[in-house]
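Remarks on the structure that follows.
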Amino acid sequence: MKAQFKIFYRLSTVLIMCGLMLFIYIGCGGGEDAEESAVSDFGYISTGLNPPNGAAYDDVFFREYGTNPFIDTEDDHFSTFGMDVDTASYSVMRRYLRDGHLPPTEAVRVEEFVNAFDYNYVPPSQDAFAVHIEGAPSRFGEGKRLQLLRIGIQGRVIPDENRKDAMLTFVIDVSGSMAMENRLELVKRALTLLVEQLRPADEVAIVVYGTRARTILSHTGIERREEILEAIHSLTPDGSTNAEEGLRLGYKLASRQARRGNINRVILCSDGVANVGRTGPDAILREIRSYVKEGITLTTVGFGMGNFNDVLMEQLANKGNGSYAYVDTLNEAKRVFVENLTGTLQLIAKDAKIQVEFNPEVVSRFRLLGYENRRLEHEDFRDDDADGGEIGSGHSVTTLYEIKLHEGATGQLAKVFIRHEDPDTHRVSEINAEIFTTELNATFEAASPEFQLAATVAEFAEILRESFWAQEGSLEAVQQSIEGIAPQIPNERVDELSHLISQAIRFKARESE
C-alpha cells in the first residue's frame, strides 16, 4: 500500500510540474507564435503576461506636475522658467500607442512633444541664441478670442568637425530587469552607433551596475575601437539595480580623467528602476553634486516599458545639467546618437532661462503651455545661482502661450528675455526681443506651416494629458489639422505623427465603448 501511495504521489507531482511548465510556456508566448511575438525593432517583445489592475504596464512611474493656469496680467504679468530641450515624453507616448495603449496622462509633458519637432528656425550668426516670433488666432481656442503666440529660440550650431574632444563615461544598467524586452540589446546597439561616430581624440569608459557597480573598461581611445565594442557587446543582465553606486563610480571615473576644454560627460543607460541603495533622484544627486559643479554633465537615456521609472531619469538629467531622451527604437537611437551627436554632447549654454513680460495694457491674460516642472520664481531669472536648463549645439526651444488681448488693443504685447552662462568662459549674458501685435497673423491658416505644426502638436499633447483647457478639443480636429500641414512639411516625423494621432483616435473610441 505504501509503495502504491509513493508511486501515486510521484506521478501527481510530475503531472503538476508538467502542467505548471505548460502554463508558463503558453503564458510567455511559447509554441508556434512565440517567435512571431518578437518585433524586429528591439523593445517590442511581448511576454504574454498581463500586469495587474488592467494597467498597460506594471511598475511604471511618472509624476504629475499639474497644468499651468491662465494668469490675469493685473495680478502677474511675468512668466519665468528654465529652458528645456528634452523630448523623452514624445517617445514614451509613441511607445504606448504602438503597443496598443493610450499613454497615462501624467506621462505627457507638452513642451517635450513640441520640442520633438524641427521648425526650421534660422540659427544666430554671432550670439548663442536667435529669437523667432510668430502668432495667430488659436485654431483650438475657438469662441474664446484667444491668440497663440510662439517664441522660437534657436541655438548656435557648432559644425561636427569643430566639436570638442569628448571624454565619455557610459554607466550602463545590467540588472535583471534589463533582460526584459531585450532592452539591454537595444542599449548595446545604440552605444555601438555612438562609438562608430566618435573621432580619434575621443575616449570612452564603461561602468556597469547590477547589485554592485564595477568598471569594465577604463577610458580608452577610439583607436582601440574594437576593444570598446567588445566590452559593450559582452554585457549581460544580472542582479538588482544599484543606480546610486553605478553613478557614483561613473562620476568618480569621469572626474579622474576630466580635461579642461574637453566634453566631460556621463551617459546613463537604464530603465531607471533603482531598488538597491538610494533610489530617488534627490538622494542620488546629493552623492554626485560636487562632480556636477566640476562641469561633468549627464545625459540620461531611458529604455524599456513596464518596470520603468521616468521620474528618476528625467530629474537626474535636469539636475545633472544634461538632457533626457527615451529610446524605443533603433531609429530613435540614430536620431540621438548619430544625427544629433554634437548637440547631444556639446553645450552652448548653461542655466539658460526665459522670462516673458506681458504688457497689461494689451494682454489681459496668458497661459504657458507646458514647462510645469521648469517653473521659476521671477526673482530667480537674474539669480545666477538658480538652476536653469542646458542647451546643446543646434538645439532649439519652442515656447507657446495662449493669450487674450484687450479688445482693440495694439502695440507692444510682450518682451522676451533670455539669460544664460557661457559653458567655456562662464560669462553670463542676456538678450531680449520685443513682441508686437503686428506679428500676429490675421488667421491661423495665414501662419507658417511650422507654426501650425507646433500648435497642432501642443493640442495633441493637451488632449492626451486631459488638460482642463482642452476639454472641448477633439483628436479628429487635430488629425484634420495635421493632414493639412503634412503636404507643406515633407518630413518622416510629421508622417509618423499623423499615424500616431490616428491610433490615438481608435484607442479613445475603444475606451468609450
Rg(Cα) / (2.2 N^0.38 Å) computed for the chain, rounded to two decimals: 1.06
Simple spin-label estimate for Thr438 and Phe78 in nanometres, 7 Å along Cα-Cβ: 2.9 nm
Convex hull volume of the stretch 255-317 per residue (C-alpha atoms, cubic angstrom): 86 Å³
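What FRET efficiency do you get for Glu483 and Ile431 if R0 is 41 Å and r is their Cβ-Cβ distance, rounded to the nearest 0.05?
About 0.65, to the nearest 0.05.
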Largest-first ordering by accessible area, 1.4 Å probe, given options His233, His77: His233, His77
The chain: angle of helix 281-293 to the longest principal axis, Cα-based, in degrees nearest 10: 60 degrees
√(5λ) per eigenvalue of the Cα gyration tensor, the stretch 192-263, largest first, Å: 22, 17, 8
For the stretch 311-369 versus the stretch 253-309, the gap between their alpha-carbon centres in whole angstrom: 17 Å
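Quick one, what does Rg over Rh come out to for the stretch 385-433 if you take C-alpha atoms and the Kirkwood Rh? Provide the component values of the computation, followed by the final result.
Values: Rg = 15.4 Å, Rh = 14.1 Å.
Result: Rg/Rh = 1.09.
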Rounded accessible area of Arg259 (nearest 10 Å², 1.4 Å probe): 100 Å²
Cα gyration tensor of the stretch 392-470 - equivalent ellipsoid semi-axes, whole Å, descending: 28, 21, 13
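If each residue of separation counts as 0.36 nm, what is the full-extension length gain between Val122 and Asp495 once their alpha-carbon separation is subtracted? Don't skip to the end; give the middle numbers.
Values: separation 373, 0.36 × 373 = 134.28 nm, distance 2.32 nm.
The span from Val122 to Asp495 would gain 132.0 nm if fully extended.
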Distance-filtered residues of the stretch 312-340 - backbone nitrogen under 17 Å, label point 7 angstrom along Asp282 Cα→Cβ: 312-320
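Would you kindly work out the equivalent ellipsoid of the stretch 362-513 from its C-alpha gyration tensor and give its semi-axes, the square roots of five times the eigenvalues, largest first in whole Å?
Values: eigenvalues 201, 88, 60 Å².
So the three semi-axes of the stretch 362-513 are 32, 21, 17 Å.
The stretch 413-449: which chymotrypsin sites (Phe, Trp or Tyr not before Pro) are DSSP loop and have at most 15 other beta-carbon atoms within 10 angstrom? Write down the numbers at each step before the final one.
Working: sites: Phe417, Phe436, Phe444; in loops: Phe444.
Loop-located and lightly packed - none at all.
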Whichever lysines have a C-alpha closer than 17 Å to that of Lys353, once near sequence neighbours (fewer than 8 apart) are set aside: Lys319, Lys415
Solvent-accessible surface (1.4 angstrom probe) belonging to Glu64, in square angstrom, nearest 10: 100 Å²
Farthest toward positive dipole pole in the chain [+1 Lys/Arg, -1 Asp/Glu at C-beta], among Ile482, Ser234, Ile263: Ser234
Label-zone membership for the stretch 197-213, site Asp165, 7 angstrom Cα→C-beta point, backbone N under 14 Å: 199-204
Centroid-to-centroid separation of the stretch 169-211 and the stretch 76-150 [C-alpha atoms, Å]: 30 Å
Cα-based shape type of the stretch 438-513, given that a ≥ b ≥ c are square roots of the gyration tensor eigenvalues and the cut on a/c is 1.5: oblate
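Given only helices, namely DSSP H runs of n ≥ 4 each adding -39500 (n - 2.57), what is the per-residue ellipticity at 222 nm of the chain, to the nearest 500 deg cm²/dmol?
Working: 13 runs with 162 residues, N = 513.
-10000 deg cm²/dmol, from helical runs alone.
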Size of charge dipole - the stretch 120-162 - debye, nearest 20, with Cβ of Lys, Arg +1 and Asp, Glu -1, no other charges: 400 debye
When the stretch 275-417 is reduced to its Cα atoms, the Kirkwood hydrodynamic radius in Å: 17.8 Å
On Cα atoms only, tilt of 2-27 relative to the major axis of the chain in degrees: 20 degrees
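What order do Asp384, Asp118, Asp422, Asp328 take when sorted by accessible area (1.4 Å probe), most exposed first? Before the final figure, lay out the partial values.
Details: Asp384 70, Asp118 95, Asp422 40, Asp328 5 Å².
Output order, biggest surface exposure first: Asp118, Asp384, Asp422, Asp328.
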Links that overshoot a 30 Å alpha carbon limit, given the list Lys252/Lys334; Lys350/Lys508; Lys144/Lys508: Lys350/Lys508
Leading residue at positive end of dipole, the chain (Cβ point charges), from Leu184, Ile153, Gln355: Leu184
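The values are calculated or read from the model by the stated rules, or taken from the named source; none is laboratory data. Just so you know, these numbers come straight off a predicted model, no measurement behind them. Reconstructed Cβ throughout: ideal geometry from the backbone, glycine too, with neighbour counts over all protein chains shown. Quick note on the areas: whole protein, heavy atoms, side chains included, nothing else; ligands and nucleic acids left out. Shrake-Rupley method; radii C 1.70, N 1.55, O 1.52, S 1.80 Å.
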